[in-house]
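The structure under discussion appears below in the form of structure tokens.
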């Protein structure tokens with residue numbers, strides 16, 4: 001079943017997306033304007049590496065990636081995509097369809113989900129995850145409503161979810177305006193909450209702080225999972241990860257079907273999280289704390305500072321250089337202090353970045369390179 005779904009849904013979806021880009025004759029098209037082609041290469045010192053490429057447009061978001069292990073593990077291939085076919089006909093409502101797959105050896109995992117929203121905001125959706133073998137499958141159905149009151153947007157959803165032959169009721173709520181956002185949700189196996197803040201825009205050359213606090217507790221259901229906290233902040237917000245549109249994908253959970261930042265149950269997937277140096281300008285910060293089900297903890301701290309942006313502004317080529325420090329604990333058995341440097345710059349419609357990071361305690365060096373072509 002999973003292989004058939006992969007062949008019939010996922011591969012045609014990705015093929016259609018990239019063929020559409022090749023045939024697009026201008027970037028004023030509502031299907032591609034503001035979109036991008038994005039690819040990255042991430043190599044660890046142990047030799048393992050990840051390559052990911054995606055198309056991100058107003059009507060199609062999808063891509064493919066591979067994690068190649070040089071430590072004996074089998075390679076992981078993942079594919080996926082979401083489409084929004086009614087984009088140019090809002091009077092018909094909004095339809096979002098998505099499918100994703102992970103293949104490792106002879107093990108296939110497939111996820112399919114979708115939601116139709118009437119023009120006035122009422123939505124009906126559902127989906128499933130087929131992991132094969134003995135891993136838990138998921139089925140869900142949902143009803144949602146989204147609207148706006150003055151300058152305040154709000155989303156409400158209620159859902160049924162079946163996980164490991166257990167039925168759960170749940171739901172999510174998100175409230176936000178241009179500056180603030182708060183959300184909370186529970187699906188029976190986890191609850192999650194987010195808080196976001198974006199300072200008013202005072203011009204490109206001025207500081208514009210932004211902050212997100214994101215928490216997920218996976219220990220409340222039948223499966224005792226981890227408790228995860230992620231705090232991300234920047235002194236120079238410039239859309240992307242810290243925007244409300246991106247935050248909705250995390251806030252509304254794996255059943256959210258949020259096209260602005262489509263996620264789901266399967267991981268890894270094509271939709272990559274922006275690195276700490278991509279989050280914004282001037283100075284960026286990210287802290288991740290994970291409490292495992294056995295009580296042990298894992299913590300990661302990353303910073304990226306663009307020192308010359310404070311002196312030369314954002315338009316100077318030298319302002320693209322950043323430096324930073326990181327700390328991973330345990331790593332394993334002891335803290336790992338690292339230093340990093342690199343550059344990140346957009347020139348016209350082409351954006352690129354590169355980062356070299358060295359862990360002094362483990363004597364490990366990693367390399368990350370990304371390229372983006374804006375449409």
Query - Cα-Cα P(r), region 214-274, percent of pairs per 5 Å interval - result: 4, 15, 21, 28, 18, 10, 3, 1, 0
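Show me the ranking of peptides 147-159, 222-234 by mean Cβ neighbours inside 10 Å, starting with the highest. If you can, show how the numbers build up before the last one.
On the way: 147-159: 14.2, 222-234: 17.4.
Result, highest mean Cβ count within 10 Å first: 222-234, 147-159.
What is the packing order of peptides 59-66, 345-352, 263-270, taking the mean over residues of other C-beta atoms within 10 Å and listing the highest first? Walk me through the intermediate numbers first.
On the way: 59-66: 22.5, 345-352: 12.1, 263-270: 19.8.
Averaged packing, sorted descending, gives the order 59-66, 263-270, 345-352.
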Query raised in the report: Which three lengths, in whole Å and largest first, does the chain cover when its Cα atoms are put on their principal axes?
Result: 52, 48, 40
Report task. Please work out the Cα center distance from region 355-375 to region 88-110, rounded to the nearest Å. Result -> 30 Å
Query raised in the report: In region 284-312, which residues have a backbone nitrogen under 18 Å from the label point lying 7 Å from residue 205's Cα in the Cα-to-Cβ direction?
Result: 307-312
Requested in this report: Run the quick spin-label model on residue 128 and residue 365: label points 7 Å from Cα toward the beta carbon, then report their separation in nm to one decimal.
Outcome: 5.0 nm
Report task. Over all alpha-carbon pairs of region 41-146, lay out the pair-distance distribution in 5 Å bins, whole %, shortest bin first. Result -> 3, 11, 16, 17, 16, 14, 10, 7, 4, 2, 0
Query raised in the report: residue 88 to residue 267: FRET efficiency via 1/(1 + (r/R0)^6), r the Cβ-Cβ distance, R0 41 Å, to the nearest 0.05?
Result: 0.80
**Report entry** Helical contribution to [θ] at 222 nm, DSSP H n ≥ 4, -39,500 (n - 2.57), averaged over the chain, rounded to 500
**Finding:** -2000 deg cm²/dmol
Requested in this report: Pop a pseudo-label 7 angstrom from the Cα along the beta-carbon direction at both residue 274 and residue 165 and give the gap in nm to one decimal.
Outcome: 4.5 nm
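Every number here is computed from the coordinates shown, using simple stated rules; none is lab data. What you are looking at is a predicted structure, and each value in this text was computed from that prediction instead of being measured. Because the Cβ atoms are built from the backbone with ideal geometry, glycine has one as well, and the counts that use them run over all protein chains shown.
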